[in-house]
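K.L.:
Handing you this structure, nothing more for now.
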Amino acid sequence: MDWSIVWKAILALAGLAFLFGVLLAVASTRFQVETDPRVDEVMGAILGSNCGACGYPGCQPAAEAVVAGTAPVDVCVAGGRAVAEAVARVMGISLEMRERGVALVHCKGGLSESVPKALYQGISSCAAADKIAGGGKACSYGCLGLGTCKDTCPVNAIIIDPEHRRWVDRERCTGCGLCAEACPRGLIEIVPRHQEVLVVCNSGDKGGRAKRICSVACTGCKKCEKVCEADAIHVEDNLARIDYEKCTACGDCIEVCPTDVIVRVVPVKGSKKQQPVSARDL
Amino acid sequence: MNEVYRYFLIFLGALLIYNILLIRFIALCPLMGVSTQVETSIGMAMSVLFVMTMATTVSWVAWNYVLEPLHVGEFLYIPVFILIIAALVQFVEMFIKRSSPPLYRAMGIYLPLITTNCAVLAAATEAVKPGFLKLNIAYHFSLPEALVYTIGVALGFGVVIIVFACIRERLETSPVPHAFRGTPLAFIIAAILSLAFMGFANLLGL
């Protein structure tokens with residue numbers, strides 16, 4: 001047997017491998033980019049699945065923002081507290097947990113509550129419906145019910161029932177705010193998790209018209225404003241709004257609201273075991 | 001044969017008639033994976049064009065000046081070409097990270113994907129190793145011919161993946177039965193597009 005071919009093969013492959021190895025070794029020192037080593041450590045601490053829930057295009061930009069100080073240590077909303085603690089350790093700062101919010105769709109009106117003005121049969125997307133004369137609903141403030149928020153949600157926390165009513169699974173919701181950005185009508189607000197009393201309407205119409213076109217619309221009657229002892233609820237532009245700092249969750253406004261626009265929800269706490277929350281908790 | 005015409009035939013053959021994605025079904029993973037948005041597919045197409053051209057150049061030199069004189073190319077070409085592509089992608093990544101951060105942000109995420117991309121290996125092998133070509137135009141390419149062939153393959157990859165991404169973006173807003181959403185529909189589109197590309201067979205006697 002001719003062994004020369006074996007030696008030649010080994011020589012060729014080893015030679016080329018050595019050549020490329022040297023080239024890469026030289027390149028890695030020659031073209032080294034000065035990066036903060038903490039970026040890599042933060043990258044290791046956060047989940048790294050590029051889910052985008054934090055609002056950055058990916059985990060790498062989020063990690064760079066943390067090191068640059070423009071993002072908080074709990075930037076990784078999907079990772080929760082454990083990841084935030086790990087990032088805080090890398091950054092050498094103590095952890096102040098920012099309370100994650102939870103999404104609230106400011107509209108209660110489904111097909112049987114809201115009066116239609118037309119039958120919308122176009123592309124099944126809220127943005128498209130909003131562009132064509134404001135979709136099928138008479139209310140120009142309310143939810144279009146076509147589910148752009150539901151499609152945007154990375155954790156499937158938004159449910160749309162056959163009546164086109166929206167329900168947020170408050171246990172699943174991470175408060176990332178992607179749905180709030182996606183909603184063409186700006187209906188979705190990220191509210192504090194502990195907040196129990198919420199106004200679920202966005203209508204800026206005057207009382208008479210609001211009542212005519214939707215059975216669950218805020219008419220701006222100011223009954224809630226008068227009954228509130230904590231001075232927490234005010235009617236501005238025909239719509240009641242709650243100051244979450246002042247609200248004591250006494251529930252007086254819920255009692256007096258003639259159209260049931262103010263509701264009480266179960267506050268969401270940390271652990272899933274403590275808090276069995278149904279999907280119907282708005 | 002006229003020299004310019006010959007280059008034209010090599011280019012057209014690589015681009016359309018033996019299109020790497022739709023006729024030979026090489027590199028189906030990026031076709032399905034990176035074609036959901038037009039923007040990312042353009043980034044991928046650019047990165048492939050860049051890496052493929054460089055990989056063929058280096059592979060051609062390695063074949064003609066190392067493997068062929070030693071008579072070991074027949075069985076060593078796959079490990080050597082993979083070595084070349086992997087090292088090259090690493091090198092390019094380091095180089096553009098230093099020299100052009102905006103380009104790195106645009107192309108950076110695709111480069112590691114290309115390291116193990118079969119399309120790059122296929123293009124390099126066909127353009128460099130004799131006897132692998134489907135085109136009945138030559139048995140072995142010179143370096144300029146190999147480069148024209150590779151650019152044709154890469155542009156064929158790019159054109160198809162961008163057209164594919166445009167179709168998929170349009171279908172995102174269409175009322176499609178739930179079971180067909182996403183990948184199943186993508187495969188059906190790929191099949192129909194492939195049928196269309198088969199119409200190029202025997203064009204100009206290739």
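Quick note: the coordinates plus some simple rules give every number you see, no bench work behind them. It should be emphasised that the depicted structure is a prediction, and the values quoted were computed from it without experimental measurement. Reconstructed Cβ throughout: ideal geometry from the backbone, glycine too, with neighbour counts over all protein chains shown.
K.L.:
If I model a spin label at residue B:78 and residue A:206 as a point 7 Å from the Cα along the Cα→Cβ vector, what separation in nanometres do I get?
P.N.:
With each label placed 7 Å out from Cα toward Cβ, I get 8.0 nm.
K.L.:
What spacing in nm lies between the two simple spin-label points modelled at residue A:194 and residue A:23, each 7 Å away from Cα in the Cβ direction?
P.N.:
Result for the modelled spin labels: 6.2 nm.
K.L.:
Please give the FRET efficiency for residue A:215 paired with residue A:117, using the beta carbon to beta carbon distance and R0 = 22 Å, rounded to the nearest 0.05.
P.N.:
0.90
K.L.:
Would you grab the residues whose amide H sits under 5 Å from the one on residue A:214? Only those 5+ places off in sequence or on another chain, please, with H modelled 1.01 Å from N.
P.N.:
Close amide H contacts, sequence-distant or interchain: A:115.
K.L.:
Residue by residue through segment B:180-189, which ³J(HN,Hα) values in whole Hz follow from phi under the Karplus form 6.51 cos²θ - 1.76 cosθ + 1.60 (θ = phi - 60°), with glycine and proline marked x?
P.N.:
9, 4, x, 4, x, 5, 4, 5, 5, 4
K.L.:
How long is the gain from residue B:172 to residue B:198 if the chain were fully straight, where each residue apart is worth 0.36 nm and the alpha carbon distance is subtracted?
P.N.:
Value of the extension gain: 6.7 nm.
K.L.:
Shifting gears a bit: Nearest 0.05, what FRET efficiency do residue A:246 and residue B:103 give at R0 = 51 Å with Cβ-Cβ as r?
P.N.:
Rounded to the nearest 0.05, the efficiency is 0.45.
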